[in-house]
1. Restricting to DSSP H runs of at least four residues, report the calculated mean residue ellipticity at 222 nm for the chain, -39500 (n - 2.57) per run over all residues, nearest 500 deg cm²/dmol.
2. To make sure I understand the rule: partners must be aspartates and glutamates, Cα under 18 Å from the Cα of LYS176, and not fewer than 8 residues away in the same chain. Which ones qualify?
3. Counting only heavy atoms of protein chains, what accessible area per residue, in Å², does segment 330-417 have with a probe of 1.4 Å?
4. Starting at the first residue of segment 62-67, write each ³J(HN,Hα) from the Karplus equation 6.51 cos²θ - 1.76 cosθ + 1.60 with θ = phi - 60°, in whole Hz, x for Gly and Pro.
5. Running Debye on segment 1-159 with equal point scatterers at the Cα sites and no solvent, what base-10 log of I(q)/I(0) appears at q = 0.08, 0.13, 0.21 Å⁻¹?
6. Would you work out the relative contact order for the chain, in percent, from Cα pairs under 8 angstrom that are 6 or more residues apart?
7. How high is the relative contact order of segment 331-417, in percent, with contacts defined as C-alpha pairs under 8 Å that are six or more residues apart?
8. Kindly identify segment 126-259 as rounded, prolate or oblate by the Cα gyration tensor criterion: order the square roots of the eigenvalues as a ≥ b ≥ c, call it rounded if a/c is under 1.5, otherwise compare a/b with b/c, prolate if a/b is larger, else oblate.
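The values are calculated or read from the model by the stated rules, or taken from the named source; none is laboratory data. No experiment lies behind these values; they were computed from the predicted model shown. Please note: Cβ atoms are built from the backbone with ideal geometry, for glycine as well, and neighbour counts cover all protein chains shown. Remember, those area values only see protein heavy atoms, side chains included, never the ligands or the DNA or RNA. Shrake-Rupley method; radii C 1.70, N 1.55, O 1.52, S 1.80 Å.
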Amino acid sequence: MGMTMSQKILASHAKLKEVKAGQLINAKLDLVLANDITGPVAINEFKKAGAKQVADNKKIALVMDHFAPNKDIKSAQQCKACREFASEQKIENFFDVGKMGIEHALLPEQGLVGAGDLVIGADSHTCTYGALGAFSTGVGSTDMCAGMISGECWFKVPSAIKFVLKGKPAKYICGKDIILHIIGLIGVDGALYKSMEFTGDGIKYLTIDDRFTICNMAIEAGAKNGIFPVDEVTLDYMKNRFKREPEIFTADDDAEYEAVYEIDLSALKPTVAFPHLPENTKTEWGDIKIDQVVIGSCTNGHISDLRIAAQILKGRKVAKNVRAIIIPATNEIYLQAIHEGLVDTFINAGAIVSTPTCGPCLGGYMGILAENERAVSTTNRNFVGRMGHTSSEVYLASPYVAAASAVTGKLTSPEGL
């Protein structure tokens, strides 16, 4: 029996001819990632283990993004711990205020991850890099610590589900609608510890940002990872950016999949995940008044997302009593948005623009919800209390829907403007 894309990457990094689903392996890592929340935990474990030196200071990334710029003393201490460790260990890829960004947008942008890589990160949305044909997955801080010390990690080889994407997406449909549709179809545990492998002729219509969004939310279906095949879109993104030679893996024709789903992209409608699970998806709804809109995060803070928001907001105003918060995912994206006049459009519409940060996505800062408030957000989770008070509600949506909702003051499809 042949191997899937993910299995081939794992086999290569474990120096094995083949691997099978369920097999336990040790594999060499190309990058180990942590942020200002998970990093200090891993650093403490590193010291408790008696380790003196990381395996490779070029294969570690520490990104200050969740509570940076620091919102309080505790978050300042967290970043300080990472800063001191990065200096002590001469970590080359340390990102702090001034060269910051949300980790899962920043690392691809900086050319630190690419096709054929094996990446672990002490953050569940590390699965984002599958958009580039990499095997990337979230781990706990102790596994992250072990990766820093040894340059390796253990894996149970996942089985896989194939998603055949067919046709061309209709107007107002983007990667967020596709992944929300899939999660609504299979549920939040529908791909538990499995690879979600995307294929089909519809892929050629998806931008690299669409693919980042789709892989980013693979974890919301319980998946170990999400992955796209490497094509011209991938290679064009990595050109003059990826710092190593990409290695391209393709699934065997006789690779085994636990299930195969066909998704007609042309039939999809703007999709929203209602509280309090990403699987609670709807394409129709009544009047639902909102208090806040957030457009940003590692899921939808890319330049294409900001362009979509500006397209909807241009010449319009944010509704009275609605707070619209735009968060570019990296400084490079922020600068591009300024140069393209997008920031002018946002501010003229009555929105605010934040420095790159995870901020409100995890209930951190820059947009916490009060009791009984509702937000439409382009982020990735809408659990109880995710963005603030336990009685608040989060509706996950695309930048099209989020921006349209900001204008009307209620949950709105862009077709309704």
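1. Values: 13 runs with 124 residues, N = 417.
Per the formula, -8500 deg cm²/dmol.
2. Reachable aspartates and glutamates: GLU197, ASP209, ASP210, GLU220, GLU262, ASP264, GLU279, GLU284, ASP305, GLU415.
3. Details: 3100 Å² over 88 residues.
Spelled out: the 1.4 Å probe surface of segment 330-417, per residue, equals 35 Å².
4. Coupling constants for segment 62-67: 10, 10, 8, 9, 6, 10 Hz.
5. Cα-only, vacuum Debye calculation for segment 1-159: -0.22, -0.57, -1.34.
6. 17
7. Details: 113 pairs, mean separation 16.0, N = 87.
Reported relative contact order: 18 percent.
8. Values: a/c = 1.64, a/b = 1.24, b/c = 1.33.
Note, shape of segment 126-259 comes out oblate.
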